[in-house]
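Working notes, beginning with the structure itself.
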């Protein structure tokens with residue numbers, strides 16, 4: 001990054017060669033130093049008042065000196081009462097005019113007065129130090145201000161007080177040289193930091209743009225709301241990714257006599273999870289729609305085989321990507337379901353009586369345990385039954401007064417309580433309960449929960 005800085009930073013004037021980039025930096029630096037600048041403006045004003053009063057009491061009335069400070073008072077109140085944009089634009093110019101004028105008017109006053117210079121030779125060092133302080137991001141202006149205040153003062157002071165010119169080394173040359181070096185190094189460093197931050201933000205924007213585009217692709221691969229409503233009219237889906245893209249996904253398909261639907265939770269979340277979700281969606285379409293697999297256990301077995309094969313999981317023991325899921329086949333005519341589940345469950349609520357059906361304790365993918373075929377379960381349904389399938393993101397969310405997990409037990413009570421409501425109200429209850437429980441906590445995982453009323 002420093003090689004790049006050397007090419008785009010003018011190291012003599014200590015500024016970016018690109019005018020727009022320099023302006024961006026000044027806006028950035030001005031925003032960071034806004035509070036400091038305003039406080040400095042007020043502090044300098046009141047310090048200046050005390051100095052003016054002391055000067056007049058010490059040396060008496062001087063028309064030129066009074067006239068200058070009346071002009072400076074007008075400039076201060078213009079700055080103080082002006083807008084933020086005006087302050088940003090004229091802050092440095094204001095301080096340059098008033099500071100150089102203030103120090104030279106004071107030097108002029110004491111040079112033609114019988115009174116000695118206040119603070120003696122130390123006033124030169126003070127003028128140099130303050131000149132570099134009042135410019136938060138302008139190197140050349142601070143050098144010019146330092147020279148314009150200290151040199152005339154030094155000439156008048158050394159001439160009037162008959163001070164040995166050799167003292168200039170200690171009173172002017174040494175502090176000036178040290179402060180120039182410090183200011184220069186600090187300005188280069190701040191511009192380098194700004195450039196690094198700007199580059200990082202630009203790269204982050206590119207990454208976010210890519211992820212947002214990936215989100216569009218992922219959403220295009222999900223079952224549309226229209227198709228879901230057409231296929232399962234009395235259904236709802238609560239889908240809330242943790243990040244921009246999600247490792248959870250839902251899927252549905254209707255053939256001649258059955259409706260297949262699924263909720264899946266892929267390994268990880270964010271981009272890795274989203275990639276696995278697209279693999280899962282593709283495999284469900286391939287196996288059920290194209291290959292015409294009908295039995296849910298065989299579908300999961302085939303999905304597992306394809307994931308292990310396509311991800312070369314048997315060649316690498318460290319590769320454990322896969323998914324937990326529940327796949328349901330619903331026969332609407334006979335009101336029967338067949339389902340298979342990998343590390344997930346299916347909940348049936350009938351007349352506010354809840355039954356949970358647990359699946360196989362293995363994922364769809366390679367795992368450390370023994371590879372056994374998935375099982376299937378069959379259920380006879382009744383009108384107004386509610387079926388729920390879900391990932392683990394809902395019950396694992398931390399929140400509430402004691403910042404604990406929501407837990408499956410609380411989710412079951414919620415589902416029983418809302419089971420009599422229509423699908424739209426159930427969705428509202430589930431969404432509101434989740435967000436209320438989460439509160440200000442970070443969402444820890446993707447969330448996907450599907451509910452279906454049997455009619």
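The values are calculated or read from the model by the stated rules, or taken from the named source; none is laboratory data. Keep in mind that this is a model prediction, so the values were computed, not measured. Heads up, the Cβs are rebuilt from the backbone with ideal geometry, glycines too, and the neighbour counts pull from every protein chain shown.
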**Fill in**
For the stretch 417-444, pairs from a residue that is on the phi < 0 side of the Ramachandran plot and touching a residue at least 24 places away in the same chain (Cβ under 8 Å) to a residue that is exposed (fewer than 15 other Cβ atoms within 10 Å of the Cβ) and assigned to a helix (DSSP H, G or I), with Cβ under 7 Å and 6 or more apart or across chains, are none
**Asked** Restricting attention to the stretch 228-236, does a residue exist that is touching a strand residue (DSSP E or B) at 6+ places or on another chain (Cβ under 6 Å) and surrounded by fewer than 16 Cβ atoms within 10 Å (Cβ to Cβ)?
**Response** yes
**Request:** Would you be able to tell me the number of residues in the stretch 172-210 that are out of contact with any helix residue (DSSP H, G or I) (no Cβ under 7 Å at 6 or more places or on another chain) and over 30 Å from residue 148 (Cα atoms)?
**Result:** 16
**Prompt:** Out of curiosity, is residue 382 in contact with a helix residue (DSSP H, G or I) (Cβ under 7 Å, 6 or more places away or on another chain), surrounded by fewer than 16 Cβ atoms within 10 Å (Cβ to Cβ) and closer than 26 Å to residue 229 by Cβ?
**Reply:** no
**Request:** Return the total of residues in the stretch 357-379 being under 43 Å from the mean Cα position of the chain (by Cα), closer than 30 Å to residue 424 by Cβ and either surrounded by 12 or more Cβ atoms within 10 Å (Cβ to Cβ) or not assigned by TED's automatic domain parsing to the domain that holds residue 313 (or both).
**Result:** 2
**Asked** With (1) free of Cβ contacts under 8 Å to residues at least 60 places away in the same chain; (2) part of a helix (DSSP H, G or I); (3) crowded, with 19+ Cβ neighbours inside 10 Å as the list, and residue 285 as the residue in question, which single condition is left unmet?
**Response** (3)
**Request:** Could you check the stretch 40-140 for helices (runs of 4 or more DSSP H) lying wholly inside it with 1 or more residues that are at pLDDT below 85 and in the same structural domain as residue 29 (by TED's automatic domain parsing)?
**Result:** 84-111, 122-133
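Taking the conditions exactly as written (farther than 13 Å from residue 102 by Cβ and assigned to a helix (DSSP H, G or I)), does residue 36 satisfy them or not?
Yes, satisfied.
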**Asked** Taking residue 299 and the conditions (1) modelled with pLDDT of 95 or more; (2) buried (at least 22 other Cβ atoms within 10 Å of the Cβ); (3) under 43 Å from the mean Cα position of the chain (by Cα); (4) part of a strand (DSSP E or B), which numbered condition does it fall short on, given that it satisfies the others?
**Response** (4)
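Yes/no matrix, rows are residues, columns are (1) within 30 Å of residue 115 (Cβ to Cβ); (2) free of Cβ contacts under 8 Å to residues at least 40 places away in the same chain:
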position: 158; (1), (2): yes, yes
position: 161; (1), (2): yes, no
position: 164; (1), (2): yes, yes
position: 175; (1), (2): yes, no
position: 183; (1), (2): no, no
position: 192; (1), (2): no, no
position: 195; (1), (2): no, no
position: 201; (1), (2): no, yes
**Asked** Only one of (1) surrounded by 15 or more Cβ atoms within 10 Å (Cβ to Cβ); (2) in contact with a helix residue (DSSP H, G or I) (Cβ under 6 Å, 6 or more places away or on another chain) is not met by residue 352, so which one is it?
**Response** (1)
**Of the criteria (1) out of contact with any helix residue (DSSP H, G or I) (no Cβ under 8 Å at 6 or more places or on another chain); (2) without any contact (Cβ under 8 Å) to a residue 24 or more places away in the chain, which one residue 414 fails** = (1)
**Fill in**
With the first residue restricted to the stretch 14-31 and required to be more than 14 Å from residue 188 (Cβ to Cβ), and the second required to be at pLDDT 80 or above and surrounded by 15 or more Cβ atoms within 10 Å (Cβ to Cβ), Cβ contacts under 6 Å at 6 or more apart or on different chains are 28/194
